[in-house]
Amino acid sequence: MAIRRTRVPPPSGLRRVVFRAPVLLYRWHLGWLLGGRMLLLTHTGRTSGLPRQVVLEVTGRDPETGAYHLASGFGPGAQWYRNIQRTPYVTIQVGRRRMSAVAEPLGPEESGRLMAAYALRHPRLARGLMRMCGLETDGSAEDYDRIGRTHIPFVRVLPDERTPRR
């Protein structure tokens, strides 16, 4: 089955304010309200060199390495995703814990596997993510795998807990 994508522009106006609201929670030291499902990613702008911030859903966690998995719902063109490709050294904050980390974009095969696993664990959230991204799916694991391989790249963020940030 071919994956149909409706062009969904990045959020602007009121929608952007709503999307950016979790960043304010972290700035007000209330990030713990979001629990471990969301993290604040501070990355470096590839053109400006300035710090940039985005709050992203943690789509999974590797129990062996402690790495967080993140999905670029707006595809490979998302600003944060493009920035971490240029400068992978980031700072993350999950709840009250803040630490240095390295962000690593994953290949299509692993992105597909992680997308299918996420959809299996969180079917309603996965359907919502697909709508938000303008993607149609039949809901099967194979379809989610295909979407992860072709439209939604994943990133592994490995914390370096030896160097906590304050």
| Solvent exposure of region 71-166 as accessible area per residue, Å², 1.4 Å probe | 53 Å²
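For region 69-166, with all protein chains present and a 1.4 Å probe, just round the carbon and sulfur fraction of the accessible area to a whole percent.
Summing carbon and sulfur atoms, their accessible area is 51 percent of the total for region 69-166.
Suppose R0 equals 30 Å. What FRET efficiency, 1/(1 + (r/R0)^6) with r the Cβ-Cβ distance, do Leu125 and Leu50 give to the nearest 0.05? Walk me through the numbers on the way to the answer.
Numbers: r = 31 Å, r/R0 = 1.05.
According to the calculation, E is roughly 0.45.
I want to verify the translational diffusion coefficient of region 51-166 in µm²/s; compute it with Stokes-Einstein, Rh as the Kirkwood radius over Cα pairs, at 37 °C and 0.692 mPa s.
Details: Rh = 14.5 Å.
Translational diffusion coefficient: 226 µm²/s.
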| Under a 5 Å amide H to amide H cut-off, with H placed in plane at 1.01 Å, what residues pair with Asp160 once short-range neighbours are removed? | Ser100, Ala101, Val102
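Counting only protein heavy atoms and using a 1.4 Å probe, what share of the accessible area of region 16-63 belongs to carbon plus sulfur, as a whole percent? Display every interim value, and only then the final one.
On the way: 1780 of 2800 Å².
Roughly 64 percent of what the probe reaches on region 16-63 is carbon or sulfur.
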| task | Using the Cα centre as the reference, give the magnitude of the dipole from point charges on the C-beta atoms of region 30-166 (Lys, Arg: +1; Asp, Glu: -1; all else neutral), rounded to the nearest 20 debye. | result | 720 debye
| Applying the Karplus parametrisation 6.51 cos²θ - 1.76 cosθ + 1.60 with θ = phi - 60° to the phi angles of region 56-72, what ³J(HN,Hα) value in whole Hz is obtained for each residue in order, glycine and proline being reported as x? | 10, 6, 7, 8, x, 9, 8, x, 6, 9, x, 5, 9, 10, 10, 10, 8
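The values are calculated or read from the model by the stated rules, or taken from the named source; none is laboratory data. Model, not experiment: these values are computed from the prediction. Here Cβ is always computed from backbone atoms with ideal geometry, including for glycine, and neighbour counts include all displayed protein chains. Just so you know, the surface numbers come from the protein's heavy atoms only, side chains and all, with ligands and any DNA or RNA stripped out. Shrake-Rupley method; radii C 1.70, N 1.55, O 1.52, S 1.80 Å.
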